[in-house]
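The values are calculated or read from the model by the stated rules, or taken from the named source; none is laboratory data. Just so it is clear, the structure is predicted and the values come from calculations on it, not from any experiment. Note that each Cβ is placed from the backbone with ideal geometry, even for glycine, and that neighbours are counted across all protein chains shown.
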Amino acid sequence: MLARIAFRNVFRQRRRSLFTSLMMVGGFTLSSLSIGISDGSYAHLIDMFTRDQTGHLQIHRQGYRQQPSLHATLTADERLVRAIEHQSGFAAWAPRVYAPGLAFLGRKTAGARLVGVDPVREPATTRLKQKISEGRFFAADEGNSIILTCTLAEVLDADIGDEIALIGQGADGSIANDLFSIVGIVGASGRTRVGRTYYLPLDAARRFLSLPRAHVHEIAVVLEDHRDADAAADEIAQRIGAADNLEVAPWRMVEWEFYRAMKVDQEGMWVSLLIIVIIVAIGVLNTVLMSVLERTREFGVLRAMGTPPRALFSMIVLETTFLTLLSLIPAVSLSVILNFWLSQQGISIPNPINYGGVLFSHIYSEVNARVLWLPGLVVLLASVGVSLFPAWRTARIAPADAMRAH
Amino acid sequence: MLVGLVVAAAPIRADSANSATLVDRIVDHIDRLYRSEDSHSHLEMIISNPNWERRLKMEMWTRGLKETLIRIHAPRKDVGITTLRKGPEMWNFFPRIDKVMKVPPSMMMSSWMGSDFSNDDLVKESTFTDDYTATLESADDSLLTLTLIAGEHTATLWPRISLTVRAIDLMPVTEIYYDEKDRAARRIEFEDVTEFSGRTLPATMAMTSLNKPGHRTIIRYVEAEFDTGISDRLFSLRELQRR
């Protein structure tokens, strides 16, 4: 009976309810968007970062990450490949070999990191191929070709087609030395931070370093969703078993520095989110408070007619609750639509931001559970919480005073 | 120690002279054993360690103490890699990339072609006689053991060397090198005493690294000839780059 009156009260003064409701919808959507954009940009950031080079998880011989050694190889045999590909949410994997090396071109010399990449698997796993700014990526059966980062190309004064002499340490103790012709350059100078790296086709790199066939230093795996990385790493490790002495590490362990910096950054983001949420709460509070105070006369009449204070209190709180719940319907719909739209279109940034060597030109939002329950909770708590005080005051008011109030 | 040649030393009987002269004669004999006016030899080198094993075939020319040229003939991927040593300087030539690289002083202690011999071992111009003081440590009917202590002004990695030779012909049996903390760091065993064009010397030298378990390099002389008068043009940067 009380609930029904409260419910009917919501629609009695349509315009007032509409304004209060609008405030709630607006507040909800605002905080929902901020949370969505915050989560979305980090998800996008992680995605860009992991897809750049790291992958979502990596497999090495135990201890390789701490102390890389040319001899600490693993074999991408059938059993290992099966352990990887059977992971739910698996998307792609790519093997790599690493070694330090010295490059000569004309009179220029540059020390750099050599990375042997699979011409077919690497483009499916990371964006290396898309980052080629000049020339082309490796063909499937590429011979002694080489791709340089733009930084290295600048140091060596190199152009597509030039022959580079490489010297390194062979796995059999020999001095690895061979000629490679430049087919591509990665990254554009002055835009992103790209290291000094040269890429060789995997087989050519293995030949150069005298590494046995199928031996690699690293397997990078990407999943459909980076958030599954920790669980997937555990599951793959379990399937491989301890016998092979391999280590499966999720990206946040591989790129611990980056992850930690991002976490600190994200905590900073929470402070600004909190401020937005407080502003929303104050806005809702203000509207609810006004709409209750406005009706002091009405409540005075109800009291004079013998409505018990407790019933009056409950009625006011219930009214606010109903109004809030009703507002949540359009609020949720609006937030989902806006967040979804922003997650697809993104907001373009006039001056792209460089974060961890990856260039960001758009900010993206994301639709997740937090985007809805957190603003919902905030609006509900703010409005109901704020109605408690006027409800309590009204319930105790002397009817005569209340009826005289304007 | 890699370098060189035998000067045929007449067998010395252990009981011949007094101990001081004997020690001097042994050290002098060892110093000359693998050295000569000039030499030309074919060698095999087997390098093994826990990670890999590699066999090299190479040809070596030496002249005096200062000049050495080593050219690799096998395995195929290393064919033509050539090392030239001239006095304190050293260069490597890589025919595939057509590059001569000078070995910088900082790399002198690094391994030569992945072996347990350092670049410095190849370049070394020191002799036991000039740079070490030798004392007779023990002697029996078959073996004599000498301790060599580096002189104060000798720049070396090995302040102490223990040298064992056969009493009968003074052929070296083992050399043990001690580092600056007096830990045995490497041991060379000499085997297969063979005659090459009239000179007798141990054809096999096996170097075992005592601080890196499982690291071992064996050098075997396959052919050798001495004092044939090698042209000094051979020890030049031009010859280094000859393919």
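Residues of segment B:107-122 being more than 12 Å from chain A (Cβ to nearest Cβ) and either touching a residue at least 40 places away in the same chain (Cβ under 8 Å) or at positive phi (or both), which ones?
Of everything in segment B:107-122, those that are more than 12 Å from chain A (Cβ to nearest Cβ) and either touching a residue at least 40 places away in the same chain (Cβ under 8 Å) or at positive phi (or both) turn out to be B:109, B:121, B:122.
State all residues of segment B:57-81 that are within 12 Å of another protein chain (Cβ to nearest Cβ) and either in a loop (DSSP other than H, G, I, E, B) or surrounded by 16 or more Cβ atoms within 10 Å (Cβ to Cβ) (or both); if no residue qualifies, say none.
B:72, B:75, B:77, B:78, B:79, B:80, B:81
Please go through segment B:84-106 and give me each residue that is within 14 Å of another protein chain (Cβ to nearest Cβ) and basic (Lys, Arg), ordered by number.
Across segment B:84-106, the qualifying residues are B:96, B:99, B:102.
Just to be sure I understand the filter: pairs with C-beta atoms under 9 Å, separated by 6 or more residues or on different chains, first member in segment A:1-15 and more than 13 Å from residue A:292 (Cα to Cα) and free of Cβ contacts under 8 Å to residues at least 40 places away in the same chain, second member outside any loop (DSSP other than H, G, I, E, B) and among the polar types (S, T, N, Q). Which pairs pass?
Final answer for the pair search is A:11/A:17.
Please give the strands (runs of 3 or more DSSP E) falling wholly within segment A:126-171 in which 3 or more residues are buried (at least 18 other Cβ atoms within 10 Å of the Cβ) and either on the phi < 0 side of the Ramachandran plot or away from every other protein chain (no Cβ under 14 Å) (or both).
A:145-149, A:163-169
Please determine whether any residue of segment B:114-134 is over 20 Å from the mean Cα position of the chain (by Cα), at pLDDT 85 or above and over 26 Å from residue B:46 (Cβ atoms).
no
Could you check residue B:6 against (1) at pLDDT 85 or above; (2) away from every other protein chain (no Cβ under 14 Å); (3) not in a helix (DSSP H, G or I) and say which number it fails?
Every listed condition holds for residue B:6 apart from (1).
Quick check on my filter: what residues within segment A:1-14 are over 17 Å from residue A:298 (Cα atoms) and either part of a helix (DSSP H, G or I) or in contact with a strand residue (DSSP E or B) (Cβ under 8 Å, 6 or more places away or on another chain) (or both)?
A:3, A:4
So which residues in segment A:19-36 are more than 13 Å from residue A:333 (Cβ to Cβ) and hydrophobic (A, V, I, L, M, F, W, C), if there are any at all? First the steps, then the outcome.
Just the residues of segment A:19-36 that are more than 13 Å from residue A:333 (Cβ to Cβ), to begin with: A:19-24, A:26-27, A:30-31, A:33-36.
Residues satisfying the conditions are A:19, A:22, A:23, A:24, A:30, A:33, A:35.
Each row is one residue, and each column tells you yes or no for (1) among the β-branched types (Val, Ile, Thr); (2) closer than 24 Å to residue B:42 by Cβ; (3) without any contact (Cβ under 8 Å) to a residue 24 or more places away in the chain.
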| position | (1), (2), (3) |
| --- | --- |
| B:146 | no, no, no |
| B:150 | no, no, yes |
| B:156 | yes, no, no |
| B:160 | no, no, yes |
| B:204 | yes, yes, yes |
| B:234 | no, yes, no |
| B:239 | no, yes, no |
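Out of the residues in segment B:30-56 that are assigned to a helix (DSSP H, G or I) and out of contact with any Ser or Thr (no Cβ under 6 Å at 6 or more places or on another chain), which is farthest from the other protein chains (Cβ to nearest Cβ)?
B:32
Of the residues in segment A:59-68, how many are surrounded by 13 or more Cβ atoms within 10 Å (Cβ to Cβ) and farther than 17 Å from residue A:232 by Cβ?
Of the residues in that region, 5 qualify.
Under 39 Å from the mean Cα position of the chain (by Cα) and under 29 Å from residue B:119 (Cα atoms), is that true of residue A:148?
no
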